[in-house]
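Below: the structure, in structure tokens.
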Amino acid sequence: MASAGFNGLTVAAFESRMAAEMTRLIERHGGKPLVAPALREIPLEDNSAALQFGKQLLTEGLDVLVLLTGAGTTTLFEILQTRHTKADLSAALAHTVLIARGPKPVAALKALGFQPTLTVPEPNTWVDVVSTLDAYRPVKGLRVAVQEYGLPNRDLLEALKQRGANVVSVPVYRWALPEDTAPLKQVIDQILAGQVQVLLITNAAQIDHVMQVLEQDGKTTKFKTICRKLVIASIGPTASERIRSHGLTVDFEPSHGKMGILVKECSEQVHAILLNKRGPQA
């Protein structure tokens with residue numbers, strides 16, 4: 001039985017793999033779900049960058065490897081093992097500092113038989129990655145590889161370069177728009193029509209793709225105006241940073257960056273947030 005929670009509010013989300021779970025969560029907490037994918041996670045058609053990284057790793061060695069996502073960590077090692085044995089990779093990484101940005105890369109590393117040297121604490125932003133490394137040792141002159149996910153994290157790469165590191169990016173997968181963008185456009189149209197009260201963002205790239213579609217259709221300004229009246233809830237600081245970069249306001253972040261906690265805690269606070277944004281008529 002659904003709790004009062006959202007109390008009938010329409011809640012939009014852009015989940016892909018977890019769309020069914022997101023729909024159930026919104027319903028469980030009293031909302032009317034409006035869920036359409038904004039992302040399609042696809043392997044790079046050309047893994048040359050990752051394979052070149054593997055060659056460099058085995059021939060020249062590496063001082064630091066920064067692993068930003070669990071899926072990216074797993075994919076990277078799957079690519080490397082198409083050319084190199086597990087024993088050779090383990091030997092090459094024996095003296096490499098492995099930095100895991102949060103629990104998902106940690107779990108991926110352990111599943112592969114590796115232990116992280118450093119684990120980046122919550123909220124796992126690029127700033128936390130840099131400060132964790134700063135506290136460990138200076139990176140000036142070190143060879144630092146960064147496993148990329150989706151769009152490159154240019155702030156992280158630049159911060160490492162400014163500290164004198166020799167940085168190499170290792171892209172292993174990227175985000176694309178769904179092959180069929182009609183469901184996404186339908187959700188956007190309902191937001192533009194004022195029929196949505198809550199917008200949940202669970203991945204930074206989701207908002208990039210929403211804004212990309214809006215720009216193509218010439219609806220960006222209207223969308224930003226509408227968003228001033230609804231609640232934008234972000235799963236955590238990384239997504240929030242991206243939302244704000246598009247000129248939007250983040251109204252809510254959960255106590256922990258988990259989808260279930262995001263939906264539950266947002267449902268508990270959304271009416272107070274709406275009241276504050278819209279006035280008593282909300």
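Side notes on the structure shown:
- Matching residues, segment 161-177, being out of contact with any Gly (no Cβ under 9 Å at 6 or more places or on another chain) and either farther than 25 Å from HIS95 by Cα or without any contact (Cβ under 8 Å) to a residue 60 or more places away in the chain (or both): LYS161, GLN162, ARG163, VAL167, ALA176, LEU177
- Residue in segment 13-24 that is most open to solvent (accessible area, probe 1.4 Å), counting only those that are touching a Ser or Thr at 6+ places or on another chain (Cβ under 9 Å) and at pLDDT 95 or above: GLU15
- Any chance GLY5 is under 28 Å from MET259 (Cα atoms), free of Cβ contacts under 8 Å to residues at least 60 places away in the same chain and either open to solvent by 30 Å² or more (accessible area, probe 1.4 Å) or not acidic (Asp, Glu) (or both): no
- Among the candidates THR73, THR10, the residue that is among the hydroxyl-bearing types (Ser, Thr, Tyr), touching a helix residue (DSSP H, G or I) at 6+ places or on another chain (Cβ under 6 Å) and either surrounded by 17 or more Cβ atoms within 10 Å (Cβ to Cβ) or free of Cβ contacts under 8 Å to residues at least 24 places away in the same chain (or both) is uniquely THR73.
- Condition met for ASP180 (without any contact (Cβ under 8 Å) to a residue 60 or more places away in the chain and farther than 16 Å from LEU39 by Cβ): no
- For segment 29-59, the set of residues classified as under 22 Å from PRO183 (Cβ atoms) and of a type in the set (Lys, Arg) consists of LYS32, ARG40, listed by residue number.
- Listing of strands (runs of 3 or more DSSP E) fully contained in segment 11-96 that carry 1 or more residues being under 25 Å from GLN197 (Cβ atoms): 32-35
- Segment 252-274 residues that are under 22 Å from LYS104 (Cα atoms) and small (Gly, Ala, Ser), paired with ones that are open to solvent by less than 70 Å² (accessible area, probe 1.4 Å) and at pLDDT below 95 (beta carbon under 8 Å, 6 or more apart): GLY257/PRO123; GLY257/ASN124; GLY257/GLY236
- Across segment 245-282, the qualifying residues are those that are of a type in the set (A, V, I, L, M) and loosely packed, with under 15 Cβ neighbours inside 10 Å, and the one among them that is nearest to PHE6 (Cα to Cα) is ALA272.
The values are calculated or read from the model by the stated rules, or taken from the named source; none is laboratory data. Because the structure is predicted, anything quoted here is derived from the model rather than measured. All Cβ positions, glycine included, derive from the backbone under ideal geometry; neighbour counts span all protein chains shown. Quick note on the areas: whole protein, heavy atoms, side chains included, nothing else; ligands and nucleic acids left out. Shrake-Rupley method; radii C 1.70, N 1.55, O 1.52, S 1.80 Å.
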